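What follows is a short report on a single structure.
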Amino acid sequence: MATNVTPVRPAARELREQVVHTVRRTVTFADGAFAFPASLPDGALISRTLVLIETAFTAGTTLTVGTTVGGNDIVAAADSAATAAGAKRPDTGTVKGRLVGDTVLYGTVTGAPAAGVATIVIEYVPNNDA
């Protein structure tokens, strides 16, 4: 793991136990661009994503998640299907393999929605097998 580097904000979340970790964020139609409350640590592997559309978004809204502002390399718009309520388990993200450096997750709600609520859960496994 890299040392003497500027801390990433938000801080990376990592337990030392051999367990699957999660980071979760609930968003509404009014959120626009947002960041998750914790970053993924250097070397982590994303094992699964869940997008739970609790209240369908209106007006052709899209919901994406990525490793850059406005990115969609974790959850693409077609995979979240934000205009239909229900649980989505997208696995088509282009982020494959170990993350290089602590990684901030960003999301974007686009369009002009008047309603919509979603909870996004990212499951990951940190690189703590040493």
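Before moving on, here are some points about what is shown:
- Taking each residue of region 12-28 that is β-branched (V, I, T) and looking for partners that are outside any strand (DSSP E or B) and modelled with pLDDT of 75 or more with beta-carbon atoms closer than 7 Å, six or more apart or interchain, yields V23/F36; V23/P37; V23/A38; V23/L105; T28/G116.
- Among the residues making up region 55-69, those that are within 11 Å of the chain's Cα centre (by Cα) and touching a residue at least 40 places away in the same chain (Cβ under 8 Å) are L63, T64, V65, G66.
- In region 6-37, the residues that are at pLDDT below 90 and in contact with a Leu (Cβ under 9 Å, 6 or more places away or on another chain): A12, R13, E14
The values are calculated or read from the model by the stated rules, or taken from the named source; none is laboratory data. All values derive from a computational prediction rather than experimental measurement. Every residue, glycine as well, gets a Cβ built from its backbone with ideal geometry; the counts of neighbours run over all protein chains shown.
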